[in-house]
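Only the coordinates and a few stated rules stand behind these numbers; no lab work does. The shown structure was predicted, so the numbers you read here are calculated from the model rather than taken from an experiment. Every residue, glycine among them, receives a Cβ derived from its backbone with ideal geometry; neighbour counts consider all protein chains shown.
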Amino acid sequence: MSTGTSPTAPKTEVVEEVVIRFAGDSGDGMQLTGSQFTTTSALVGNDLATFPDYPAEIRAPAGTIPGVSAFQVRFASNDIHTPGDAPDALIAMNPAALKVNIKEIKKGGLVIVNTGNFGAIDLTKANYTYNPLESHDLDAFQVVQADLNKLTKEALAGLGLDTKATLRCKNFFALGMTYWIYSRPMEPTLEWMKSQFKKRPELVEANQRALKAGWNWCDITGVFQSRYEVPPAKLTPGKYRNVMGNQATALGLVAAARLSGLQLFLGSYPITPASDVLHDLSKFKNFGVVTFQAEDEIAAACATIGAAYAGNLAVTTTSGPGLALKGEAIGLAVMTELPVVIVDVQRGGPSTGLPTKTEQADLLQAVYGRNSEAPLCVIAAKSPSDCFDAALEACRIAVEHMTPVILLTDGYIANGAEPWLLPDVAKLKPINAKFRTEPTDFLPYSRNPETLARPWVKPGTPGLEHRIGGIEKADGTGNVSYDPANHEFMCRTRAEKVERIANFIPEAEVKGAQSGKLLVISWGGTHGSIASAIEKCEAAGKKVGWVHLRHLNPMPRNLGEIIKRFDKVLVPELNLGQLVRLVRERYVVPAIALNKVQGRPFMTSELVTAIEKELA
Amino acid sequence: MTPVTLTKKDFKSDQDVRWCPGCGDYAILNAVQSVFAEMGMDRSKTVIVSGIGCSSRFPYYMSTYGFHTIHGRAPAVASGIKLANPELDVWVVTGDGDALSIGGNHFIHALRRNVGLKVMLFNNRIYGLTKGQYSPTSLVGAVTKSTPNGALDNPFTPVSVALGAGAAFVARSVDVFGKHLTETIKAAAQVKGSAFVEILQNCNIFNDGAWMHVTDKDVKDDSIVELRAGKPLTFGKTSQFGLRLNGFDVQKFEIGKEGAIDDCITWDPGMPNPGLAFAFAQLAEREMPMPIGVFRNVERANYERAVHQQIAEATAKSGQGDLAKLLNSGDTWTVS
Ligand SMILES: Cc1ncc(C[n+]2csc(CCOP(=O)(O)OP(=O)(O)O)c2C)c(N)n1
Ligand code: SF4
Ligand SMILES: [Mg+2]
């Protein structure tokens, strides 16, 4: 691709991994730029993890601090679990992006600044009273200044695009630069542009030119002394694709429908960061998926219950505030013992909170957030690709145990991406969906002796007509019953049914030390950060055991026994201490809480420090 | 298939009916059971969904499939059932509080979408089950447990709300008008999209006589006008009164004295313009007779059919989805 010859050919350094962050105004296309970089890195075989971080406002005032949108990618030739703590490189498209992000960049790191946006007004918008490029602010970094606006204009000259459309291509100029610096091929992005702008050939040309110009600029000017290469990762052999959590959730739900032979029904109401599951499933019509955008979350949950009653694999997706609205309906699903899957892509709260930021603070809402004794199964996904397995597991438990299941994911894994070792479809375990059709001795509230599940009957089945509802059921017949002893019996039976799920799920596995001083117990999207921290500690010769829970209600049956083998239990969570309460309550241990609620994931270093402190 | 003659009994469940003696709900249950029998409805393919309220106990007393859900949400649950399986005949039973207060949103959206549900709203102008608070159909001034000095807020007219939501079939009947009620329910049963029937119902415990001013034997001839398709709108003991258009308004006149029978509006529920239906929905509030019968009956695209149509078209176009292909789509790479 490169045309010119460099004055002094830069040396190429092979490195194990790089963390790079693209930051700009929300109108600058940073999410797109970052995801293109990610796709290309995936295709060259790196392991990777991403962290998109964007404002809740669609377009906060241009150039301001609240309008900054960033996308962090970590790509590596080794096995990584997180998008990384401190980036090695920052691409700052304007002063606001520089201001917000510079504090997190590694000292000595590379900082590429678009000087085209560093006029007096731009500086003021970012609340700078001086020009940081002319100060000592950036002394600790290798700074490369380039007027991307001007360079992009030059590259696109003669195409006849107006200034606005021209400047919109500058993110690809920046991407071209990073492709040169990190020795990435341009072809995947060039191809992508062709299909993305199929109907606008002039935009294909413009964006392709910008990308190539960015690359060439680096090649010709010799501004950079080194280029880097990150060789392919030694991943488990197999076929991979890059996947985001919400995508994987949607695919897992479709797979569950196939594995159970049921029609998939999704009742949902748009909410960040869950909407992409609705968007994705709406595209899978030729898989027989029915998607229903209801008038609100209550209707979404209720329609989902209706669909489950009618014999569909019924799912509703939402985020925290939506889960709150669905509460009463979920209680109805508990009472009518229907298989309903509720996906909660957690975000910062309470109330509207931090809609685009991550948090793990809906655990107690999921476990307890309904009136009266309303037990149900709660599970959580641990990484973007794991959302696929978690969605399958949620559907399997719901259908085989006739219970609502809440699947907790979070904004971090929902929007984050990682390489996904594609499963062999033929080897996925079928989901056992059975409908009762035999009228003889039919009782709507009779029970499977092992699971305590009640029979699932599709309306339309002759001879099995019956009535269900939210009023307490008489054991067996399911008729309305106000009998005191029956009520207690039914409350205990519903609880027992959920508890018995523990007999059908795998036991918890301890990673690292099997006994000793410290056991870390975690759940959900913190998996990557904790895995990195545990690896660091182990590499330093520290002995620590770690259990990461998929099943939060019920918990694995051997967890109590595991806890007994350790002196101390540490529970890191992105909330003010929720799993820690469940652990304390169920196992009566003085578990120690490690909490963070900043709308951001744990940094590996924070976890290492905490673990070291407990081991000291 | 050999036709079996069904009777009302075939639609009775084994549960004891637990409404207060004298409650209007009994007559409605009776009417529904006889219509279902007469129409030879398939019990196993019929689902009755309700919310919460006295009226919403209805499904327990029917031998069909039934789902007694939560307050106000029956249209949403029923929409899910109908979308999941359009072959089912899905009925919703609701009250004035259930449909218009807590469930107002679901009620209008189900009608707007034209989901194939038959919605029967038992309007007793009171919260029966919670023992007598005013409802969104209670009149201004209504003295109830929660409005001892009289209700202050203006009521909804259910038929207007349904028309406003774009409902394709809208009707009104009365618990004690057995024949009219069964005919109205029968008409609703034949609708493909949403059918909405308001049934004026007496709660003899908490709001006795709420509809006496129109339903009482002595006054009903003068206070009710029956909307019959293709018929001139007349009322009165000897059909001595007619209703005609005066500009945009409806006017009552004495036939023979103030005008001729030909001046009467000929009722057409299929009119594309819902304007006249709206005017009639509000008629009784203006010291005019209370219209009963079918206000509106027009064809509109049916939601669940359209949903499944899209699925069928997508499947015809791109073939039945292949899971392995779907998972393997996008940019993939192989690590060896
Ligand atoms: C969430 C919720 N809020 C309140 C109630 C209490 N509640 C039950 S029925 C009802 C009103 C019923 O009135 P209506 O719908 O007119 O039915 P009716 O009893 O008159 O037939 C209320 C307020 C409830 N069951 N659930
Ligand atoms: S309270 Fe009123 S509506 Fe309820 S059952 Fe009794 S009479 Fe009927
Ligand atoms: Mg009422």
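Each peptide in B:263-272, A:110-119 was scored by the mean count of other Cβ atoms within 10 Å over its residues; highest first, the order is A:110-119, B:263-272.
Measuring between alpha carbons in the structure, the pairs from A:283/A:497; A:103/A:517; A:106/A:283; A:125/A:150; A:239/A:596 lying more than 30 angstrom apart are A:283/A:497; A:103/A:517; A:106/A:283; A:239/A:596. Treating each Cα of the range A:460-519 as an identical point scatterer and summing with the Debye formula, the log10 of I(q)/I(0) at q = 0.14, 0.22, 0.30 Å⁻¹ comes to -0.63, -0.95, -1.14.
The GluC sites (Glu not before Pro) of the range A:410-498 that meet both conditions, a loop assignment by DSSP and at most 10 other Cβ atoms within 10 Å of the site Cβ, are A:450. Compute the FRET efficiency between residue B:335 and residue B:153 as 1/(1 + (r/R0)^6), taking r as their Cβ-Cβ distance and R0 = 56 Å, and round to the nearest 0.05. Once rounded, the FRET efficiency stands at 0.25.
Residues of the range A:420-446 falling in the label zone of residue A:503, defined by backbone nitrogen less than 17 Å from a point 7 Å along Cα to beta-carbon, are A:446. Sort the range A:511-615 into rounded, prolate or oblate with this rule: let a ≥ b ≥ c be the square roots of the eigenvalues of the Cα gyration tensor; rounded if a/c is under 1.5, and if a/c is not under 1.5, prolate when a/b is larger than b/c, oblate otherwise. Because a/c hits 1.5 or more and a/b fails to exceed b/c, the range A:511-615 counts as oblate. This model, with +1 at the C-beta of Lys and Arg and -1 at the C-beta of Asp and Glu, gives chain B a dipole about its Cα centre of some 480 debye. Phi-derived couplings, Karplus 6.51 cos²θ - 1.76 cosθ + 1.60 at θ = phi - 60°, listed residue by residue for the range A:139-154: 4, 7, 10, 8, 9, 10, 9, 8, 7, 5, 4, 5, 4, 5, 4, 4 Hz, with x used for Gly and Pro. Straight-distance candidates among the lysines for linking to residue B:186, with alpha-carbon spacing under 20 Å and chain neighbours fewer than 8 residues away dropped: B:8, B:9, B:12, B:45, B:82, B:118, B:231.
Rounded to 0.05, the FRET efficiency of the residue A:190 and residue A:368 pair, given R0 = 56 Å and the Cβ-Cβ distance, is 0.60. Annotation: amide H of residue A:319 within the under-5 Å range of A:345, sequence separation 5 or more or interchain, hydrogens built in the peptide plane. A run of chain B free of exposed loop cleavage sites, with GluC sites (Glu not before Pro) counted only in DSSP states other than H, G, I, E and B and at most 14 other beta carbons within 10 Å, reaches its longest extent at B:88-257. Here is how the number arises for the protein assembly as shown: DSSP H runs of 4 or more residues each give -39500 (n - 2.57), the sum is divided by the residue count, and the result at 222 nm is -9500 deg cm²/dmol.
Straight-line cross-link reach from residue A:164 at under 13 Å between alpha-carbon atoms covers these aspartates and glutamates, not counting any fewer than eight positions away in the same chain: A:28.
Ordering A:249-258, B:28-37, A:138-147 by mean Cβ neighbour count within 10 Å, with the highest value first, yields A:249-258, B:28-37, A:138-147. Amide hydrogen proximity for residue A:549: with H placed 1.01 Å from N in the peptide plane, the residues at 5 or more positions away or on another chain lying under 5 Å are A:522, A:523, A:524. Between residue A:448 and residue B:261, take the C-beta separation as r, use R0 = 60 Å, and let me know the FRET efficiency to the nearest 0.05. Plugging the Cβ-Cβ distance into 1/(1 + (r/R0)^6) gives 0.30.
Annotation for the range B:83-162 versus the range A:204-263: alpha-carbon center distance of 53 Å. In order along the range A:561-568, the phi-based Karplus estimate (6.51 cos²θ - 1.76 cosθ + 1.60, θ = phi - 60°) of 3J(HN,Hα) comes to 5, 4, 4, 4, 7, 10, 6, 9 Hz; Gly and Pro are listed as x.
Could you pull out which residues in the range A:403-442 have an amide N less than 16 Å from a spot 7 Å beyond the Cα of residue B:324, following the Cα-Cβ vector? Inside the label zone: A:422-430.
At full extension, residue A:103 and residue A:221 could sit 39.6 nm farther apart than now, given 0.36 nm per residue minus the alpha carbon distance. Backbone geometry of the range A:441-457 corresponds, through the Karplus equation with coefficients 6.51, -1.76 and 1.60 at θ = phi - 60°, to 3J(HN,Hα) couplings of 6, 6, 10, x, 10, 7, 9, 5, x, 7, 8, 6, 5, 8, x, 9, 10 Hz, x marking Gly and Pro. Counting only Cα atoms, the protein assembly as shown measures 109, 70, 60 Å along its principal axes, largest extent leading. What the Cα convex hull of the range A:11-229 gives, in volume per residue, is 119 Å³. If the segment from residue A:613 to residue A:86 were pulled out straight at 0.36 nm per residue, it would be longer than the present Cα-Cα gap by 187.5 nm. Backbone amide hydrogens, once placed in the peptide plane, bring residue A:405 within less than 5 Å of A:340, A:341, A:342, excluding anything fewer than 5 places away on its chain. Partner lysines whose Cα lies under 20 Å from the Cα of residue A:511, excluding those fewer than 8 positions away in the same chain, are identified as A:382, A:536, A:542, A:543, A:564, A:568, A:613. Other residues whose C-beta falls under 10 angstrom from the C-beta of residue A:61 contribute a net charge of 0, scoring Lys and Arg +1 and Asp and Glu -1. Peptide B:85-92 is shielded by partner chain Cβ atoms: per residue, an average of 3 of them sit within 10 Å of its Cβ. Counting Cβ atoms of other protein chains within 10 Å of each Cβ in A:452-459 and taking the mean gives 3.
Among the residues of A:462-475, the average count of other protein chain beta-carbon atoms within 10 Å of the residue beta-carbon is 5. Remark: C-alpha extents of the range A:197-293 on the principal axes read 59, 39, 25 Å, sorted largest to smallest. With all pairs of different C-alpha atoms in the average, the Kirkwood value for the hydrodynamic radius of the range A:68-147 is 13.3 Å.
Here the gap between residue B:140 and residue B:282, fully extended at 0.36 nm per residue and compared with their Cα-Cα distance, gives a gain of 49.6 nm.
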